[in-house]
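Have a look at the structure below, then the notes.
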Amino acid sequence: MMLENFKEIILNYFPKYKLKNTSMIPIMPDERIPFGPTFFLSFQHILAMFGGNILCPLLMGFSTNSALFFSGIGTLIFYVCTGGKVPSYLGSSFAFIGVVNSATGYIYSPGEVNQNISPAAGGIVVCGLIYLAIALIVMFAGHGWIEFLTPPVVTGSVIVSIGLHLANSAVGQAATTGFDAWMAALTVFIVIMVTCYAPGPLKRLPILIGGVVSYVVYLIFGLRGIGPGIDFSAVGDSKWIGFPQTHFPTFDSTYISLIAPVAVILAAENIGHLKAVGSMTEYSMDNLLGRTFLGDALACILAGCFGSTGTTTYAENIGVMSITKIFSTLSFVFAACIAIVLGCLPIFGAIVQTIPPGIFGGLSIVLFGITALTGAKLWINAQVDFSKPRNLLTAGISIVLGTGMIGVNVEWGKIKIDAIGVATFVSIFLYQLLRENWGTIFKNLLAKITGRSFIQSNDGETIENPQYSNLLEPLMENEGINSSDYSEFNNDYKPFKDNEEEII
């Protein structure tokens, strides 16, 4: 009996996918198209996430196979946690690049592995645990407090800081040699042309196409003795099939203090992506936010436990859905399985490791530029008013700190906070500090602490609300009105609010 009940719970938890023809768009998350088209659609999702999910671990010196493998595992975890109701793919988060490289001192070089993956993985695990705590709080207490701490001006400032902070690394890669600089320019040009002029779905693959075409050009020049060429020695020593490399985490306070604050950024990214998906499907998914946090956090923790990169929901795959109008979560299950298979092909990872720094730098220039302007786009969509000093100072100061602190950390003993962490904390602090309504906040806070409510009369005087005061009768007598006329008396006063909304 218990087994039957358990089966019924499981069957009701996941969608009972309704089959629809590919011409019957849009396809909602609880619907599906035939398995053949679903399989090919899942490949499109793989290609969409491929550029970022490969570039991100390479920039940190992590295993690309491991990143692919755990992106697939993480997506399946996300699917289970959300009950298959939220269409999203989890991939390597760019928010970790700056903090991990700051902590480990890693600089990309073809085939070179980061020698400090274990302590960095420890920081990623702790980041995931903080993210998990946020998820549990949201599931039980709601998500309003997160939006209170990280409104669009704060989130946008942090995202802009990430992109501009990494710009130095991108330009450095592009300028490794004179030949690499020209190849970086070619890579950027190809990516631009594909993005603007490529036909149909190819527009969604600019990073992949730009990287592959530039790689082939680099290879041809190298074979003709022009430029440094590409070293394939590591490819010949690689196995065809095998599990990805693993590194078990070690925990160091310096690494943890640098990497753990990324949890705030991951939460903010997740909120934005969930709202984007909800907008496209025309169904509000806000009630699933806690569960999306839970899935992302568990995926991040698991990846860190085996020395892989932290994860986040991928905007690239949201872009695919916006074009195809197919939101079926089943396609992400297929995509996750394909990623897991690719992660078990070491020779594939070895080929990726041969990408020259010039091509890498060109791709990074595009990606980091887009990352920075994604923050600006967030401001525009939220209609952030920069004529207000509060917004202007919050964004301006945090971006300058996040961009300018190259190789500079704030330290207290063994605790270190890098540029991205400083930008995050400063933007949150300034936005709350620079409120224009502190008087209102203190009055309402006092009302909550004392159990008394304060209102403002028409002549501007703040008095205790008679609705909650034990001095109600004397006050009414002083006004010369009867109890039956109380409602009329109360209407002579307006609640003390700011911009028509209660502050606390």
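Tabulated data for the structure shown
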quantity: Breaking point among (1) farther than 30 Å from Ser118 by Cα; (2) over 26 Å from the mean Cα position of the chain (by Cα), for Leu202; calculated: (2)
quantity: Segment 227-252, residues that are surrounded by 12 or more Cβ atoms within 10 Å (Cβ to Cβ), of a type in the set (S, T, N, Q) and either touching a Phe, Trp or Tyr at 6+ places or on another chain (Cβ under 7 Å) or closer than 22 Å to Val216 by Cα (or both); calculated: Ser238, Thr246
quantity: Residue, farthest from Gln173 (Cα to Cα), within segment 38-55, restricted to residues that are at pLDDT 75 or above and open to solvent by 50 Å² or more (accessible area, probe 1.4 Å); calculated: Phe39
quantity: Residue selected from segment 320-353 under the condition open to solvent by less than 10 Å² (accessible area, probe 1.4 Å) and not hydrophobic (A, V, I, L, M, F, W, C), by the criterion modelled with the lowest pLDDT; calculated: Gly349
quantity: Counted residues, segment 202-220 - those being part of a loop (DSSP other than H, G, I, E, B) and under 15 Å from Ile355 (Cβ atoms); calculated: 0
quantity: Which listed residue, of Ser257, Ser308, is outside any helix (DSSP H, G or I) and either surrounded by fewer than 21 Cβ atoms within 10 Å (Cβ to Cβ) or in contact (Cβ under 8 Å) with a residue 40 or more places away in the chain (or both); calculated: Ser308
quantity: Residue count for segment 322-361, restricted to those that are part of a helix (DSSP H, G or I) and either on the phi > 0 side of the Ramachandran plot or within 23 Å of the chain's Cα centre (by Cα) (or both); calculated: 17
quantity: Thr394, sole failed condition from (1) open to solvent by 20 Å² or more (accessible area, probe 1.4 Å); (2) modelled with pLDDT of 75 or more; calculated: (1)
quantity: Residue match in segment 58-67 (condition: within 14 Å of Asp296 (Cα to Cα), modelled with pLDDT of 90 or more, among the aliphatic types (A, V, I, L, M) and part of a helix (DSSP H, G or I)); calculated: no
quantity: Residues located in segment 131-143, provided they are closer than 28 Å to Leu373 by Cβ and open to solvent by 10 Å² or more (accessible area, probe 1.4 Å); calculated: Ile134, His143
quantity: Selected residue (criterion: nearest to the chain's Cα centre (by Cα)) from residues of segment 378-398 that are touching a residue at least 40 places away in the same chain (Cβ under 8 Å) and under 19 Å from Ile420 (Cα atoms); calculated: Leu378
quantity: Yes/no for Leu288 being closer than 30 Å to Cys127 by Cα, at pLDDT 85 or above and not in a loop (DSSP other than H, G, I, E, B); calculated: yes
quantity: Failed item in (1) outside any helix (DSSP H, G or I); (2) buried (at least 24 other Cβ atoms within 10 Å of the Cβ); (3) out of contact with any helix residue (DSSP H, G or I) (no Cβ under 6 Å at 6 or more places or on another chain), with Glu112 passing the rest; calculated: (2)
quantity: Some residue of segment 184-201 being modelled with pLDDT under 85 and in a loop (DSSP other than H, G, I, E, B); calculated: yes
quantity: Selected residue [surrounded by 23 or more Cβ atoms within 10 Å (Cβ to Cβ), over 23 Å from Val426 (Cα atoms) and not aromatic (Phe, Trp, Tyr)] from Ala181, Ala120, Ala185; calculated: Ala120
quantity: Selected residue [modelled with pLDDT under 90, touching a Cys at 6+ places or on another chain (Cβ under 9 Å) and in a helix (DSSP H, G or I)] from Ile97, Ile10; calculated: Ile97
quantity: Residue check, Leu289 open to solvent by less than 50 Å² (accessible area, probe 1.4 Å), more than 20 Å from Phe62 (Cβ to Cβ) and either of a type in the set (Asp, Glu) or in contact with a His (Cβ under 6 Å, 6 or more places away or on another chain) (or both); calculated: yes
quantity: Qualifying residue in segment 116-127 (condition: out of contact with any helix residue (DSSP H, G or I) (no Cβ under 9 Å at 6 or more places or on another chain) and among the hydroxyl-bearing types (Ser, Thr, Tyr)); calculated: yes
quantity: Search result, residues across segment 373-384 that are open to solvent by 10 Å² or more (accessible area, probe 1.4 Å) and part of a helix (DSSP H, G or I); calculated: Leu373, Thr374, Ala376, Lys377, Leu378, Trp379, Ile380, Asn381
quantity: Residue that is open to solvent by 10 Å² or more (accessible area, probe 1.4 Å), closer than 16 Å to Ala339 by Cβ and out of contact with any Lys or Arg (no Cβ under 9 Å at 6 or more places or on another chain), where the choices are Phe94, Phe69; calculated: Phe69
quantity: Tabulated pairs, segment 90-109, first more than 15 Å from Gly421 (Cβ to Cβ), second assigned to a loop (DSSP other than H, G, I, E, B) and of a type in the set (Asp, Glu), C-beta under 9 angstrom, 6+ apart or interchain; calculated: Tyr106/Glu112
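The values are calculated or read from the model by the stated rules, or taken from the named source; none is laboratory data. As the structure is a computational prediction, the values presented were derived from the model and not from experiment. A quick note on method: Cβ atoms are made from the backbone with ideal geometry, for glycine too, and the neighbour counts reach across all protein chains shown. Areas reflect the complete protein model, heavy atoms only, side chains present, ligands, DNA and RNA absent. Shrake-Rupley method; radii C 1.70, N 1.55, O 1.52, S 1.80 Å.
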